[in-house]
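The values are calculated or read from the model by the stated rules, or taken from the named source; none is laboratory data. Quantities reported herein were computed from a predicted structural model and do not represent experimental measurements. With ideal geometry, Cβ positions are generated from the backbone for all residues, glycine too; neighbour counts draw on all protein chains shown. In case anyone asks, the SASA skips ligands and DNA or RNA and just uses the protein heavy atoms, side chains included. Shrake-Rupley method; radii C 1.70, N 1.55, O 1.52, S 1.80 Å.
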Amino acid sequence: MAATTMDGAVLAAKVRARVAEEVRGLGDVGLMTVLVGEDPASEIYIRRKHEAAAAAGFRTIDRREPASLSDADLLALVDEANRDDAVDALLVQLPLPGHIDEERVARALDPAKDVDGLHPLNAGELALGRPTVVPATAVGILALLREYEVELEGARAVVIGRSAIVGKPTAQLLLAANATVTTCHSRTRDLAAHTREADVLVVAVGRPAIVTADMVKPGAAVVDVGMNRTESGLVGDVDPGAVDVAGLITPVPGGVGPMTIACLLENALRCARFRRAGAFIPAS
Ligand code: GUN
């Protein structure tokens, strides 16, 4: 029997409607994005984020800078946004051009405006089990698993990928939900031996079909974070044949992607609340 689809578009619409209602309650909420350079994929992501933010009632500020922007000028721009009362939440789109140190940029963000949860303070609070702002994709993955009532308590969860923006925070949220978590990566030996044990399998690598049907435990919940543009269109990291083995699976597109945008808006709202409260408040 084919797996049940975990429909990210449907859940994202619910999240966005709730966020829009709360934005109306708060009045004016400003989300600023910064795009450096002209990477086509980043331009698409930024456009989608702005469309969704505007539809939810945010005031959006769309800064575009040339790829030649210096480190110092980007840091100055971030500093200006940190001090600007009209900016509640700030996003610097990744990847940045090679000459810019992404970690330095993350450190420069006001942690209370850091809508991506990439500042070391926010990443550290999550690692310590006190989430403040958590990267949107990780929040979206957990929301999908909860929506489809996937049992996490005591479950074996395997996350493939250890990025700061997806793999690590997702592993930490699964751990906080009392799953037994294994993080796999490019140096993992015998990847299939790990994935075949997974009740919950999250794949965030960026390589088509890195997980094939024979690597999936029958009945598992499979979350495919991959968005790979190939000659045959947009494909995930999980081979489509996995649908016949998994119990639940996210589609690509229409799974994690819409959840990332919806949860980014949720994070922007959280940042606005931080500012109005004058303090960080732990995520519930
Ligand atoms: N590039 C790809 N995904 C993201 C994201 O969620 N946030 C930022 N800032 N850059 C990205």
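Brief remarks follow.
- The shape of the stretch 1-143 can be summarised by an equivalent ellipsoid whose semi-axes, obtained from the alpha carbon gyration tensor, come to 26, 18, 18 Å from longest to shortest.
- Rg of the Cα atoms in the chain, relative to 2.2 N^0.38 Å, amounts to 0.99.
- Rounded to the nearest 20 debye, dipole of the chain from Cβ charges on Lys, Arg, Asp, Glu: 440
- Highest GNM mean-square fluctuation among 234, 90, 126, for the chain modelled with Cα contacts below 10 Å: 234.
- On the beta carbon distance between residue 147 and residue 86, with R0 = 41 Å, the FRET formula returns roughly 0.75.
- Extension gain, residue 197 to residue 9, is 64.8 nm, computed as 0.36 nm per intervening residue step minus the present C-alpha separation.
- Take every pair of alpha-carbon atoms less than 8 Å apart whose residues are at least six positions apart; their mean separation over the length of the chain yields a relative contact order of 23 percent.
- Solvent-accessible surface (1.4 angstrom probe) belonging to residue 5, in square angstrom, nearest 10: 70
- Of all the options 169, 253, 95, the one that moves most in a Gaussian network model of the chain with Cα springs shorter than 10 angstrom is 95.
- Kyte-Doolittle at least 1.0, axis length at least 15 Å by Cα - qualifying DSSP helices, the chain: 136-147
- Solvent exposure, largest accessible area first (probe 1.4 Å, DNA, RNA and ligands not counted), of 231, 80: 231, 80
- Loop-located trypsin sites (Lys or Arg not before Pro) in the stretch 145-219 (DSSP state other than H, G, I, E, B) with a sparse environment of at most 14 neighbouring Cβ atoms within 10 Å: 187, 189.
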